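The values are calculated or read from the model by the stated rules, or taken from the named source; none is laboratory data. Being a predicted model, the structure only gives us computed values, none of them experimental. Cβ: placed from backbone, ideal geometry, glycine included. Neighbour counts: every protein chain shown. These accessible areas exclude ligands, DNA and RNA; they are computed on the full protein's heavy atoms, side chains included. Shrake-Rupley method; radii C 1.70, N 1.55, O 1.52, S 1.80 Å.
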Amino acid sequence: MVGSPGALDLRAEDLLPPMSTTTTPPSSAAPTQELTHVTVRFAGDSGDGMQVTGSQFTNTAAIIGNDVSTFPDFPAEIRAPAGTLPGVSGFQVHFGSVDVRTPGDEPDVLVAMNPAALKANLRDLVAGATIVVNKDAFVEANLKKAGYAANPLEDGSLKAYRVVEIPITTLNREALKELGLDSGSVDRCKNFFALGVMFWLYDRPLEPTLEWLAKKFKKNPQLVDANQKALKTGYYYAETAEVFTSHYRIKPATHLPPGEYRQVSGNEALALGLVTAARKAGLELFYGSYPITPASDILHHLSGLKPYGVRTFQAEDEIAAVASAIGASYCGMIGITGTSGPGVALKAEAIGLAVMTELPLVIVNVQRAGPSTGMPTKTEQADLLQALFGRNGESPCAVVAPATPAECFQMAIEAVRLALTHMCPVFILSDGYLANGAEPWLIPDPQAIPAIPVKFAQAVPGQPFQGYKHDETTLGRPWALPGTPGLEHRIGGLEKWDVSGNISYDPDNHHHMVKLRAEKIRRMQVPDAVVEGPPEGDVLVIGWGGTYGALYTATEQARAEGTAASLCHLRYLNPLPKNLGAVLQRFQRVLVPELNLGQLRMLLRAEFLVDAVGFNKVKGRPFQVAELVQKIHETARSGAAGKKE
C-alpha cells in the first residue's frame, strides 16, 4: 500500500511531454503585418465543435512559441436547441509575443458560425473589429431562432465592423463531396474549414492540427481525410479568395523563461500536481468524486494515471465520495475528493468528521456560479466563506487558492503538504475560469520538487498507543495504519481526550481541543504576502484566485497612467500570510476586487480593521482589465480627496 519515496522517483516524462516541435507555416505571397498580440473568439452551436477549434488554435499558438491565455465559454445544457441563443458555445484565445495574462477584454476577431453566435457575442466587440461569418447559416429560419427581425448582414447594423462573409457550409460540402460521407458528417467538419481560414490569417502552421486529426480519428481514416481536407480547404480559400487584404504574423514570445513547455489547463495541472505530491510523499493517491461541472475533468485526468499509484472512484453521490476519501486516508493513502460548491454543501458533515478525526484530506472545490445549481458552466469565486465556515461547530480547515491554470500544479502539491504535515483537511479553491482556461506551463524538474516527509506511527512494546498525542510543532497527531498490532485506538466523530484519544464529554477538554484544532491551522508555515509593484503607495489591489491575470495587468496599466498602485494576490487564505497586516498599513487605500459580493473584503476588515473598498462582479464572467483600471483610478482619487479633507 505504502511505498518508499525512493521507489517512486519521478521523471520529467511522468509529467507528460511537451507538444510537438514547431513547424514552418506554409508560405504566402500576401502582404504580412506584424502584431504583438491578438484576441480571437470562435462561436457557434454547442454541436459545431467550437471548443475543439479553439483548443487546436491555442495548441498551435503554444507550439510556435506564443504566450497564450484562453477562456472557453459553453452552455450548461448538454444540447440546447440548435441555432438558439442558449445553445451558443464560445472559445476565446489571446495570444502574442508579449506577456499575456488574460484572455483579452474584447475580441479583435469574432468567428460566428450562425446568427445566434453573432447576436450573443456582438456586444463584446469594439468598433473596427473583424467578424468572420458563415454566410450560409444566415437564412430565415436561423435568423428567427436568434431573434433577428432582419438579416444583420444586409440591414446595415454591422457597419461599424469589418465583416467577412464566407459561405463556409457550401464550400466545405463541395470540398468533401467525393469522400462518401453522409451530410451530417460532412457538416461537422466545417469547424475545421473555419480554423483553416484563421490559420492563414495569422500565419499559423497546419501540421500540428493535421497530426492531431490523424491520431484523433485513427480508427476512421475517412474522418481523418475529411477533417484534414476541410482544414486545408479553409486555409487555401483564405489565401486565394482575397477576402482579407493581408494576413498577420505574431512572433514567438521572448519573455518566457527558457525551458520545456506544454499547454495545460487548470484541471489538468491540478491532477498532475496531486499525483506528483503523492509520489513525493511515497503514498498512493485515492480520488473519490461524483461527476459535477466544472470539476469532472480532474477525475478524467486522474483515471488515466493509474500506473502512477492512483486509484479513482466515481461514487454514487457526494457524501459517498468524501467518505471514501476519508477512509482512504485512514488506511494510509492521501485521500482527495473533488467537486464544486453544491457538492461541498453535501460533503460538509463528512469534512467535519475529518477535522475531528484529524486525518489528512484534500478537498478540491472548482467554484461555479451559484447558489444551488446556479449557472454550472459559468465562473465565480463565492465559496470562500463556505470553505472557511460551512460546517457545524468550530471546524477549521486550511484554504489555498491557485492564481493561474499552471499554478494549480504547485498549489495542489502545497495542499497535500499541509494536509500531511498537520493531519487536517485542506481546501483547494479553484474556479471554472482556471479549470477550463489554459496557458503555457514550464515543466518543472521533478527532482527539484522537495519530498513530503511522512511518518507512520510505530507501536512501543509495553506502552499504550496515544492516538491524539500531538506534535509540539505541527500539532499533527500520529498516523496509525489500521490493523497494526499495538496501535489500537478510538476513531470517529465524538470529541476526544487530548493525548489518549478516548471519548470525552469534559467541558474543559472540549474547549482545549477546539482551540488546539484552530491553532493547528494558525501554525502552518505559509509564504509571506508579496507586493507586486512599489511597497507603498496610493492603492493596494488585493485579490485571490483566478482574478490574478486581470488584476496584474490592470495594476500595471494604472501605474503606467500615473496612479501609485500595487498588487498583493493571496494564494493562502487560511491561514493568511503573517505579514499581511503590515502590508495593508503601507497603502492609503485598499481595493479588493472579487467575483462575489465581498467575502475576502469582509475578512480583511474584520481581521485587520482596514477600511477596504470592494469592487464586486457576479455575472458568471471574469473581470475585464478596462473596468479594473477605471476602478483603481477612482479609488486613488477618493483616497486623495479624503486626505485633503
Exercise for the section: Could you list all residues from the range 351-377 that are surrounded by fewer than 24 Cβ atoms within 10 Å (Cβ to Cβ), under 19 Å from Ala398 (Cβ atoms) and either aliphatic (A, V, I, L, M) or modelled with pLDDT under 95 (or both)? Expected result: Ile351, Leu353, Val355, Met356, Leu359
Exercise for the section: State which residue is farthest from Ser395 (Cα to Cα) when the search covers only the range 507-528 and only residues that are in contact (Cβ under 8 Å) with a residue 24 or more places away in the chain and acidic (Asp, Glu). Expected result: Asp528
Exercise for the section: Quick one: in the range 215-231, of everything that is under 32 Å from the mean Cα position of the chain (by Cα) and surrounded by 11 or more Cβ atoms within 10 Å (Cβ to Cβ), which residue is nearest to Thr169 (Cα to Cα)? Expected result: Ala230
Practice task
Could you tell me which numbered condition Arg601 fails, if it satisfies all but one of (1) under 30 Å from Val416 (Cα atoms); (2) assigned to a helix (DSSP H, G or I); (3) touching a helix residue (DSSP H, G or I) at 6+ places or on another chain (Cβ under 8 Å); (4) open to solvent by 20 Å² or more (accessible area, probe 1.4 Å)?
Solution key: (3)
Exercise for the section: Answer yes if at least one residue in the range 38-55 is at pLDDT 50 or above and more than 30 Å from Val186 (Cα to Cα), and no otherwise. Expected result: yes
Practice task
Sort out for me the strands (runs of 3 or more DSSP E) sitting completely within the range 27-129 that have 2 or more residues that are open to solvent by less than 30 Å² (accessible area, probe 1.4 Å).
Solution key: 37-45, 67-73, 88-96, 109-112
Exercise for the section: Please specify each residue of the range 232-261 satisfying the condition of being in contact (Cβ under 8 Å) with a residue 12 or more places away in the chain, polar (S, T, N, Q) and either surrounded by 12 or more Cβ atoms within 10 Å (Cβ to Cβ) or farther than 30 Å from Val98 by Cβ (or both). Expected result: Thr233
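Okay, residues lined up against (1) small (Gly, Ala, Ser); (2) within 28 Å of the chain's Cα centre (by Cα); (3) closer than 30 Å to Glu349 by Cα:
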{"position": "Leu487", "(1), (2), (3)": "no, no, yes"}
{"position": "Gly493", "(1), (2), (3)": "yes, no, yes"}
{"position": "Lys496", "(1), (2), (3)": "no, no, yes"}
{"position": "Ile503", "(1), (2), (3)": "no, no, yes"}
{"position": "Asp506", "(1), (2), (3)": "no, no, yes"}
{"position": "Gln525", "(1), (2), (3)": "no, yes, yes"}
{"position": "Trp544", "(1), (2), (3)": "no, yes, yes"}
{"position": "Tyr552", "(1), (2), (3)": "no, yes, no"}
Practice task
Evaluate the range 608-630: report whether one residue or more is outside any helix (DSSP H, G or I), under 28 Å from Leu429 (Cα atoms), in contact (Cβ under 8 Å) with a residue 60 or more places away in the chain and over 26 Å from the mean Cα position of the chain (by Cα).
Solution key: yes
Handout entry: Test: Leu551 is open to solvent by 20 Å² or more (accessible area, probe 1.4 Å), touching a strand residue (DSSP E or B) at 6+ places or on another chain (Cβ under 8 Å) and either at pLDDT 95 or above or not in a helix (DSSP H, G or I) (or both)
Key = no
Problem - Top-ranked residue of the range 135-179 - restricted to ones that are of a type in the set (D, E, K, R) and exposed (fewer than 13 other Cβ atoms within 10 Å of the Cβ), ranked as nearest to Thr240 (Cα to Cα) - result: Glu174
Handout entry: Among (1) open to solvent by 10 Å² or more (accessible area, probe 1.4 Å); (2) within 24 Å of Tyr572 (Cβ to Cβ) - the single one Val399 does not satisfy
Key = (1)
Practice task
Give me a count of the residues in the range 585-595 that are surrounded by fewer than 20 Cβ atoms within 10 Å (Cβ to Cβ) and either on the phi > 0 side of the Ramachandran plot or touching a residue at least 40 places away in the same chain (Cβ under 8 Å) (or both).
Solution key: 2
Exercise for the section: May I ask you to verify whether Ala271 is farther than 18 Å from Leu442 by Cβ, modelled with pLDDT of 95 or more and buried (at least 24 other Cβ atoms within 10 Å of the Cβ)? Expected result: no
